[in-house]
């Protein structure tokens, strides 16, 4: 590998060999980083390609205040975040055969009371067990779903506030809330079925 200064000189001269060296040395690492950040290799490859185009166009702006490697990672990070944001704008949700469609109103509220709990000691034990299951299931949810449920159901924030806090679009927020509720609903149903069979 050339040293960083030699590589930078070649890059500034738009030398194909320097760009080949850049891709050989940093390409796999940058692609790995983008893939972990985005979670999808195809989108990560696109983000890295956009980053390379940006690097070619802006190499003369590199001032050397950080290492070339750090600069490359920053560009790939920004392009990856851009890719994630583009993906968030185009989330597709299949509404066909949704088993929970009739469980929620159009505004995302429960269509009917889910369960009517009694005040008997046994019912209180059941309620505590259910609460433990809900807490466990919430802890198992992806971080963004857990945040969504806390903000909406516990702190009663509205969609614009949640979007501001989580930096997501309203569509993405509704999708996250729907999926988080689905996961909790499935946990409750599993618990009820197990309780009914014992």
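The values are calculated or read from the model by the stated rules, or taken from the named source; none is laboratory data. Note that this is a predicted model, so its numbers are computed, not measured. Because the Cβ atoms are built from the backbone with ideal geometry, glycine has one as well, and the counts that use them run over all protein chains shown.
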> What number of residues in the stretch 13-36 are touching a residue at least 24 places away in the same chain (Cβ under 8 Å) and farther than 15 Å from residue 52 by Cβ?
Replying inline: 0
> Would the stretch 104-120 turn up any residue that is modelled with pLDDT of 75 or more and outside any helix (DSSP H, G or I)?
Replying inline: no
> Within the stretch 1-13, how many residues are at pLDDT below 90 and touching a helix residue (DSSP H, G or I) at 6+ places or on another chain (Cβ under 8 Å)?
Replying inline: 3
> So how many residues does the stretch 169-178 have that are touching a helix residue (DSSP H, G or I) at 6+ places or on another chain (Cβ under 6 Å) and buried (at least 17 other Cβ atoms within 10 Å of the Cβ)?
Replying inline: 4
>> Filter the stretch 26-36 down to the residues that are more than 15 Å from residue 70 (Cβ to Cβ) and surrounded by 18 or more Cβ atoms within 10 Å (Cβ to Cβ) and list them by number.
In response: 31, 34, 35
> Which residues, taken from the stretch 38-68, are touching a residue at least 60 places away in the same chain (Cβ under 8 Å) and either surrounded by 12 or more Cβ atoms within 10 Å (Cβ to Cβ) or in contact with a strand residue (DSSP E or B) (Cβ under 9 Å, 6 or more places away or on another chain) (or both)?
Replying inline: 68
> What are the residues in the stretch 161-182 that are more than 16 Å from the chain's Cα centre (by Cα) and free of Cβ contacts under 8 Å to residues at least 60 places away in the same chain, if any?
Replying inline: 161
> Does the stretch 17-29 contain at least one residue that is under 30 Å from residue 166 (Cα atoms) and at pLDDT 80 or above?
Replying inline: yes
> Scanning for something assigned to a helix (DSSP H, G or I), at pLDDT 80 or above and either surrounded by fewer than 14 Cβ atoms within 10 Å (Cβ to Cβ) or outside the structural domain of residue 32 (by TED's automatic domain parsing) (or both), does the stretch 133-141 turn up at least one residue?
Replying inline: no
>> Just checking, does the stretch 44-52 include any residue being modelled with pLDDT under 90 and closer than 18 Å to residue 77 by Cβ?
In response: yes
